[in-house]
Amino acid sequence: MDDREDLVYQAKLAEQAERYNEMVESMKKVAGTDVELTVEVRRAKWRIISSTEQKEENKGGEDKLKMIREYQQMVETELKLICCDILDVLDKHLIPAANTGESKVFYYKMKGDYHRYLAEFATGNDRKEGAENSLVAYKAASDTAMTELPPTHSIRLGLAPNFSIFYYEILNSPDRAGRLAKAAFDVAIAELDTLSEESYKDSTLIMQLLRDNLTLWTSDMQGDGEEQNKEALAAG
């Protein structure tokens, strides 16, 4: 039994004994035991495989394509199992037990992230469902953050890059992604001078990420606009 299975087992025992605080603590550890790293590794693998698949499609290498797609399917199955497992922990244990603004925002953001990960490789109705679930969770995190946490709080600020990436990558809405990121940045920068040194470092790191994303997205949007203008001129 690995560490994760052991923690789930401990949580089940605690639940049966009605020791709910211990159950929640075990489930918190489940959500934190290298799962994020495991998911990130598989998401990176999936992106590399998808890129390789496109190159092979252009070359017309059918034998390699078959092998690539089988491996891609395996990675997707692993990702789906891990994400669904974590979402189950969040829905059944962590979100119901969250009793502070910080924990509510953190877990709703986490729920939005894992539904986003599912939507990344899903197609058709599965992608639509993943996107809808992700949006609902991010909105719940955002609503709670705006009422219960200051703009410079690292957990509130940390929601903005993820939520804006969701708009950019999953909903293909760079305009909304940019507006959300800019709003979070502008509100936080107005209150930076109220922070302690440690909080200042955390907040400015996230703000730098927001600024980097904004720069990239603005550049992409300008590039798309120039391409559309060229196409219009060519058509004319």
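Here are a few things to note about the model shown:
- Residue-wise HN-Hα couplings along the range 45-56, as the Karplus relation 6.51 cos²θ - 1.76 cosθ + 1.60 with θ = phi - 60° gives them from phi, are 4, 4, 5, 5, 4, 4, 5, 5, 4, 4, 5, 5 Hz; Gly and Pro carry x.
- Note on D143/N58: beta-carbon distance plugged into 1/(1 + (r/R0)^6) with R0 of 45 Å gives a FRET efficiency of 0.50.
- Counting 0.36 nm for each residue step from A190 to D88 and taking away their Cα separation leaves a gain of 32.9 nm.
- Fully extended contour minus Cα-Cα distance, from T123 to L65, at 0.36 nm per residue: 19.0 nm
- Once both labels are positioned 7 Å from their Cα atoms along Cα-to-Cβ, the gap between N99 and K45 label points is 4.0 nm.
- Listed by Cβ neighbour count within 10 Å, with the fewest neighbours leading, S173, S51 appear as S51, S173.
- Spatial separation of Cα centroids for the range 56-96 and the range 158-224, in angstrom: 28 Å
- In terms of surrounding Cβ atoms within a 10 Å radius of their Cβ, T144, T194, T204 rank from fewest to most as T194, T204, T144.
- Under the convention that each Lys and Arg Cβ holds +1 and each Asp and Glu Cβ holds -1, the size of the dipole of the range 161-223 around its Cα centre is about 260 debye.
- Couplings 3J(HN,Hα) of the range 130-135, computed from phi: x, 5, 5, 5, 5, 4 Hz, in residue order, whole Hz [Karplus 6.51 cos²θ - 1.76 cosθ + 1.60, θ = phi - 60°; x for Gly and Pro].
- Gyration tensor verdict on the range 82-188 (Cα atoms; rounded if a/c is under 1.5, prolate if a/b is larger than b/c, oblate otherwise): oblate
- Relative exposure of S203, S50, judged by other C-beta atoms within 10 Å (fewest first): S50, S203
- Per-residue ³J(HN,Hα) for the range 97-111, Karplus 6.51 cos²θ - 1.76 cosθ + 1.60, θ = phi - 60°, Hz, x for Gly and Pro: 8, 5, 10, 10, x, 4, 5, 4, 4, 4, 6, 5, 4, 4, 4
Each reported figure results from applying straightforward, stated rules to the coordinates on display, with no laboratory input. Fair warning: this is a prediction, and the values are worked out from it, not measured in the lab. All Cβ positions, glycine included, derive from the backbone under ideal geometry; neighbour counts span all protein chains shown.
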